[in-house]
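A quick write-up on the structure given underneath.
Bear in mind these aren't lab numbers, they're just calculated from the coordinates by the rules spelled out. Quick caveat, the model's predicted, so the values are computed rather than measured. Don't worry about glycine lacking a Cβ; one is built from the backbone with ideal geometry, like all the others, and counts go over all protein chains shown.
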Amino acid sequence: MVRHVSARIVVLASGSGSLLQSLIDAADAGTLDAQIVAVGSDTAGVVAIDRAAAAGIATFVEDPTAYPDRDEWNRAITARVLELDPDWIVSAGFMRILGPTFVDSFPRQIINTHPALLPAFPGAHAVRDALRYGVTVTGCTVHLVDHGVDTGPILAQVAVDVLPDDTEESLHERIKERERPLLVATLAQLIGEHA
Ligand code: GAR
């Protein structure tokens, strides 16, 4: 008998982990044919790590401030993730740039989700930047990670209207409502294509 093996996923997250939670829920519900083998963060004590622990998922923290320089940190987090032998790595609100050591170790296996319609508004403050620019439509993008900052091949996007009274928080929350299902669906499609 051929045994079916779910895709092995490592999720990297720095914050509240609501995107992570959508992946956990989809894997539990069977809509995502995946096993989240670990959740990693750059910051101890974040809610994302609590969510993973509550779901019985292994966690790790690699804090860049614990290393002499960015290259050492990159080598450490690369080694950590290589040990986990993932099929896919999902950067879901991970607020650090993954360096060449990491990216080259997982070619076309890392996906990132970003709260803007790339190539518009890359970087760490995409929602604020879109609001300040005065766009009337923004959204979210799921893409493969390459050596640039939010520059890899785009896999999926959804547009979100900016409302006249939006704050950074209200707009980001509406983007995330669309971003969570987009991330799950895009990852499910990738897993299906590579099964
Ligand atoms: C998401 O909107 C994600 O796109 C963004 O952080 C949020 C995480 O939400 N990532 C970036 O801005 C990366 N440049 P969460 O902590 O609720 O999952």
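Being farther than 23 Å from LEU190 by Cα, in contact with a Phe, Trp or Tyr (Cβ under 7 Å, 6 or more places away or on another chain) and not hydrophobic (A, V, I, L, M, F, W, C): is that true of GLU72 here? Spell out the reasoning first.
Values: farther than 23 Å from LEU190 by Cα: yes; in contact with a Phe, Trp or Tyr (Cβ under 7 Å, 6 or more places away or on another chain): no; not hydrophobic (A, V, I, L, M, F, W, C): yes.
So GLU72 does not fit the description; no.
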Residues in segment 77-89 that are within 16 Å of the ligand (Cβ to nearest atom) and in contact with a Lys or Arg (Cβ under 6 Å, 6 or more places away or on another chain) total 0
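Could you list all residues from segment 1-44 that are closer than 16 Å to GLU62 by Cα and of a type in the set (S, T, N, Q)? It would help to see each step written out before you state the result.
In the first step, residues of segment 1-44 are kept if they are closer than 16 Å to GLU62 by Cα; the result is 10-15, 38-44.
SER14, SER41, THR43, listed by residue number.
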Among (1) acidic (Asp, Glu); (2) within 13 Å of the ligand (Cβ to nearest atom); (3) more than 12 Å from HIS114 (Cβ to Cβ), ASP161 falls short only on (2)
Restricting segment 107-156 to residues that are away from the ligand (no atom under 12 Å from the Cβ) and closer than 16 Å to ARG180 by Cβ, the one surrounded by the fewest Cβ atoms within 10 Å (Cβ to Cβ) turns out to be ALA156
Going through segment 149-163 in order, the residues found to be under 26 Å from ILE36 (Cβ atoms) and either without any contact (Cβ under 8 Å) to a residue 12 or more places away in the chain or part of a helix (DSSP H, G or I) (or both) are PRO153
When you scan segment 36-49, do you find a residue that is of a type outside the set (Gly, Ala, Ser), on the phi < 0 side of the Ramachandran plot and away from the ligand (no atom under 16 Å from the Cβ), even just one? yes
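Being more than 14 Å from GLN109 (Cα to Cα) and touching a residue at least 12 places away in the same chain (Cβ under 8 Å) is true for just one of ASP166, ASP146. Which residue is that? Don't jump to the end; show me each part of the working.
Numbers: ASP146 fails: more than 14 Å from GLN109 (Cα to Cα).
Sole residue among the options that is more than 14 Å from GLN109 (Cα to Cα) and touching a residue at least 12 places away in the same chain (Cβ under 8 Å): ASP166.
For segment 90-102, give me the residue count where each residue is away from the ligand (no atom under 15 Å from the Cβ) and buried (at least 21 other Cβ atoms within 10 Å of the Cβ). Break it down stepwise before answering.
Keep residues of segment 90-102 that are away from the ligand (no atom under 15 Å from the Cβ), which gives 99-102.
From the residues that got through so far, the ones that are buried (at least 21 other Cβ atoms within 10 Å of the Cβ) too are 102.
Number satisfying all stated conditions: 1.
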Going through segment 113-125 in order, the residues found to be closer than 19 Å to ALA13 by Cβ and either touching a Phe, Trp or Tyr at 6+ places or on another chain (Cβ under 8 Å) or among the β-branched types (Val, Ile, Thr) (or both) are THR113
Tell me whether segment 161-174 contains one or more residues that are more than 14 Å from VAL90 (Cα to Cα), of a type outside the set (Ser, Thr, Tyr) and under 14 Å from the mean Cα position of the chain (by Cα).
no
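A quick yes/no check of all residues on (1) more than 18 Å from GLN35 (Cβ to Cβ); (2) among the β-branched types (Val, Ile, Thr):
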{"residue": "LEU82", "(1), (2)": "no, no"}
{"residue": "ASP87", "(1), (2)": "no, no"}
{"residue": "ALA92", "(1), (2)": "no, no"}
{"residue": "MET95", "(1), (2)": "yes, no"}
{"residue": "SER105", "(1), (2)": "yes, no"}
{"residue": "ILE110", "(1), (2)": "no, yes"}
{"residue": "THR113", "(1), (2)": "yes, yes"}
{"residue": "ALA120", "(1), (2)": "yes, no"}
{"residue": "ALA124", "(1), (2)": "yes, no"}
Task: Residue match in segment 86-94 (condition: out of contact with any Leu (no Cβ under 7 Å at 6 or more places or on another chain) and under 19 Å from ALA27 (Cβ atoms)) - done: yes
